[in-house]
Amino acid sequence: MKAQPFPAGRNGHGTRAPEPRTPGPQVSPRFARLLPALLPALLPVLLLGACASFEGIAPAMTQRSPAHYGAQATAVTWPRADWWTQFGDAQLDALVAQALAGNPQLETVQARLATAQAAVAGARAALDPRLDLQAQSTWQRYSEHAIYPPPLAGSQQFSNNVQVAAAWEFDFFGRHRAALRAALAGGRAAAAEAQAARVLVASSVVRSYLALAQRVQAQALLAQALEQRTQGRALVQARVERGLENASALRAAEAAIAELQRQREAVDEQAQLLRHALATLAGAGPEATRTLNPRLPEAAAPALPAALPAGLIGRRADLSAARWRVEAALAGVDAAKARFYPNVNLLAFAGLQSLGFAHWLDLGSRNLGVGPAISLPIFDAGALRAGLRGREAELDAAVAGYNSALGEAVRDVADPIASLQSLQKQALAQRAAQAATQAALELAEQRFRAGLAPRDGVIARQLERLAQALAASELQARQMDATVALMRALGGGFDALADDAAATADPDPGPGLDSASR
């Protein structure tokens, strides 16, 4: 699910600056011809508008730019949408596809998106006329001492009424248009949050899968090390039985075996927990991944950005959602300010009304009416100002959330870059250590075959080689994990500029709405 492209350039980095704005009258041409008739009624009402004022209420937070956190406009190789396929593992691809189709977290965000889409439809409906059919039949005894004269006084009658009633709020001051903008922005934020959840689920599956692959490899290496230790213990025991070694050497060999067994059990536990985590991410039971046999792919060195990229704003779904939340809060402030202005409605009704059923359907029972209805808040004990303060506080919270998300996004990129730079250097040192250990093993084997050294030396070098292989496996897994973290930090394939958000777009904004809602 994708989100609508962002409005560009209003504060230099994609969204409007959260400054207080006063929604002025925006008269649609559709209603311009009605103004002369309504002006005599509107003029005294407008003069009274000063009784309810929003002066002195303004947001306190300022929206930060990427440059505040050191981000720059730099060239970056952004991940593609299916970035995990670069590892060339069909098992991994199937797991990610299953997780994206059945993860409960994604089902939750899809439900939130549906809620936001319903809110958009409701906000759009407020701009259109409303038509109701009303029907009523009431039995009533009329009092002899009330206002009704004879023969109605003291009689018992059915009062019947059926009519069609229409109402249309002109929305001169943009309250409903602002509410629609808020709903549209909320829908786009929900769509971006749905995409952010997909990126999170995919990256969690890949990281868990790679961690499990490293544990599987570690299980095999520890099994080989345990076999070597067992052979070494047998040699020590033979020497003890011949009186060539004391019992302490045998106890040390047994302690080394016990330690390896402990390490293997710990790795087995970690592998089991990772299998359970993968099954949960895929929306399945714990047994679904019991036979999974992952492999650790070769670490492909990703192209590291030369600097922290400012393009994160349009490439991270969580940042996109935070920006749309600010847009929604801005529109909410506009809607709250519009409540301080008059509310103008056009009301009309037509139907049949009578006492009793005898003449109910006669032409003389027709009931017609049409006219404007105007209301203006004059004294509400501060309710409107309190509501506006609440909207401004929501705007401050949205701006603070955006600033926090932007700072976290920059750090999310900086951390894996630093790790990958260090891990690349560690990998060079590790390869040198492995080469030296292999050379030492080959020399020990040559000395053993020549009868110049006991087999214990060969076993010791073999154990060193296995230890180096285990360290290399852990280092490779760390490189892969940092690579996945960088893919997620760079947006995981999300691109706001290429996003059309068909589910939340407004295909027919109506007069004056395109500029107000985009």
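Summary table
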read-out: Sole residue being basic (Lys, Arg), touching a helix residue (DSSP H, G or I) at 6+ places or on another chain (Cβ under 8 Å) and either loosely packed, with under 14 Cβ neighbours inside 10 Å or modelled with pLDDT of 90 or more (or both), chosen from Arg251, Arg275; value: Arg275
read-out: Long-range neighbours under 8 Å by Cβ, at least six apart or interchain, first residue surrounded by 10 or more Cβ atoms within 10 Å (Cβ to Cβ) and in a loop (DSSP other than H, G, I, E, B) within the range 131-160, second among the charged types (D, E, K, R) and modelled with pLDDT of 85 or more; value: Ala153/Glu144; Gly154/Arg141; Gly154/Glu144; Ser155/Arg141
read-out: Scope the range 293-348; condition within 30 Å of Ala67 (Cα to Cα) and of a type in the set (D, E, K, R); matching residues; value: Arg315, Arg316, Asp318, Arg323, Arg325, Glu327, Asp334
read-out: Selection count, the range 79-100, where residues are touching a residue at least 24 places away in the same chain (Cβ under 8 Å) and farther than 22 Å from Leu486 by Cβ; value: 2
read-out: Enumeration of residues in the range 261-290 that are in a helix (DSSP H, G or I) and among the small types (Gly, Ala, Ser); value: Ala266, Ala271, Ala277, Ala279, Ala288
read-out: Test: residue in the range 328-346 that is farther than 30 Å from Ile57 by Cα and more than 21 Å from the chain's Cα centre (by Cα); value: yes
read-out: Sole exception among (1) free of Cβ contacts under 8 Å to residues at least 60 places away in the same chain; (2) surrounded by 20 or more Cβ atoms within 10 Å (Cβ to Cβ) for Ala381, by number; value: (2)
read-out: Among the candidates Gln105, Gln91, residue that is modelled with pLDDT under 90, under 30 Å from Arg80 (Cα atoms) and assigned to a helix (DSSP H, G or I); value: Gln105
read-out: Scope the range 381-399; condition in a helix (DSSP H, G or I) and not charged (D, E, K, R); matching residues; value: Ala383, Leu384, Ala386, Gly387, Leu388, Gly390, Ala393, Leu395, Ala397, Ala398, Val399
read-out: Where a residue in the range 346-370 is over 23 Å from Pro129 (Cβ atoms) and without any contact (Cβ under 8 Å) to a residue 24 or more places away in the chain and its partner, wherever it lies, is of a type outside the set (A, V, I, L, M) and assigned to a loop (DSSP other than H, G, I, E, B), with Cβ under 8 Å and at least six apart; value: Ser365/His359
read-out: Count of the range 344-380 residues which are among the hydrophobic types (A, V, I, L, M, F, W, C) and part of a loop (DSSP other than H, G, I, E, B); value: 7
read-out: So Gly457, is it modelled with pLDDT under 90, part of a helix (DSSP H, G or I) and either more than 30 Å from Ala338 (Cβ to Cβ) or in contact with a strand residue (DSSP E or B) (Cβ under 7 Å, 6 or more places away or on another chain) (or both); value: yes
read-out: Any hit, the range 179-198, residues being in contact (Cβ under 8 Å) with a residue 60 or more places away in the chain and touching a Gly at 6+ places or on another chain (Cβ under 6 Å); value: yes
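Table: residues versus (1) more than 27 Å from Gly491 (Cα to Cα); (2) among the hydrophobic types (A, V, I, L, M, F, W, C); (3) modelled with pLDDT under 90.
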position: Leu363; (1), (2), (3): yes, yes, yes
position: Leu368; (1), (2), (3): yes, yes, yes
position: Pro377; (1), (2), (3): yes, no, yes
position: Gly390; (1), (2), (3): yes, no, no
position: Ala418; (1), (2), (3): no, yes, no
position: Ala432; (1), (2), (3): yes, yes, no
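One line per residue, one yes/no per condition, for (1) buried (at least 19 other Cβ atoms within 10 Å of the Cβ); (2) within 23 Å of Arg251 (Cα to Cα); (3) of a type in the set (Gly, Ala, Ser):
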{"position": "Gln195", "(1), (2), (3)": "yes, no, no"}
{"position": "Arg198", "(1), (2), (3)": "yes, no, no"}
{"position": "Leu210", "(1), (2), (3)": "yes, no, no"}
{"position": "Ala213", "(1), (2), (3)": "yes, no, yes"}
{"position": "Gln217", "(1), (2), (3)": "yes, no, no"}
{"position": "Ala220", "(1), (2), (3)": "no, no, yes"}
{"position": "Gly232", "(1), (2), (3)": "yes, yes, yes"}
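The values are calculated or read from the model by the stated rules, or taken from the named source; none is laboratory data. These numbers come from a predicted model, not from an experiment. Ideal geometry is used to build each Cβ from the backbone, glycine not excepted, and the neighbour counts take in all protein chains shown.
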